[in-house]
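Only the coordinates and a few stated rules stand behind these numbers; no lab work does. Quick caveat, the model's predicted, so the values are computed rather than measured. Cβ placement follows ideal geometry from the backbone for every residue including glycine, while neighbour counts extend to all protein chains displayed.
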Amino acid sequence: MDYAAKKFIVIVDEAKADPKGKYPVVVEVVPFAYHYVEKEIGRMGFSPELRVGGKKLGPVVTDNGNFLLDCTGEVKGNPADLEMKLNSVPGVIENGIFSKFWKIIVGNEKGCYEL
């Protein structure tokens, strides 16, 4: 639904602003499909890991009742293509790659700046 906004602003920390950085891509999946999605994302060259709570038994559950996979790997090529490819896997609701934005604001310990 983020893309339905007239002006979609992405806010990230400085680590995610580094195009060469390796950080997890978060993928929201429906619970019954998470094993399948995990396998398919692994075939794309990522190492998916189910996000679990620190002092909680079981996976972190989103407000919509879904699970989150933290997928570590290198984003190669066009991020918009990867975003579409991830979202085309059956069971994926959304992912943390936002290729259509109006503005990106990057925050760090000293403040923030616009890309």
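Would you list the P(r) distribution for the chain, with all Cα-Cα distances sorted into 10 Å bins from 0 and each bin expressed as a whole %?
Spelled out per bin, shortest first, that is 13, 40, 36, 10, 0.
Give a residue-ordered list of calculated ³J(HN,Hα) values for region 103-111 (Karplus: 6.51 cos²θ - 1.76 cosθ + 1.60, θ = phi - 60°; whole Hz; x for Gly, Pro).
7, 10, 10, 10, x, 9, 5, 8, x
Taking amide H positions as placed in the peptide plane 1.01 Å from N, state which residues far from VAL60 in sequence (5 or more) or on other chains have amide H under 5 Å from it.
ARG51, VAL52, GLY53, LEU68
Please list, in chain and number order, the residues 5+ apart from GLU94 or on another chain whose amide H is under 5 Å from its amide H, with Hs placed from the backbone.
Answer set, sorted by chain and number: GLU28.
Quick check: convex hull of the Cα atoms in region 59-115, volume per residue, rounded to a whole Å³?
Hull volume over Cα atoms, normalised by residue count, gives 155 Å³.
Given Cα pairs under 8 Å that are at least 6 residues apart, what percent is the relative contact order of the chain? Before the final figure, lay out each step's value.
Details: 182 pairs, mean separation 43.0, N = 115.
So the answer I get is 37 percent.
Give the angle, between 0 and 90 degrees and rounded to the nearest 10, that separates the Cα long axis of helix 34-43 from the longest principal axis of the Cα atoms of the chain.
On a 0 to 90 degree scale, this one is about 60.
Under a crude label model (7 Å from the Cα following the beta-carbon direction), how far is GLU14 from ALA80 in nanometres?
If labels sit at GLU14 and ALA80, their model points lie 3.0 nm apart.
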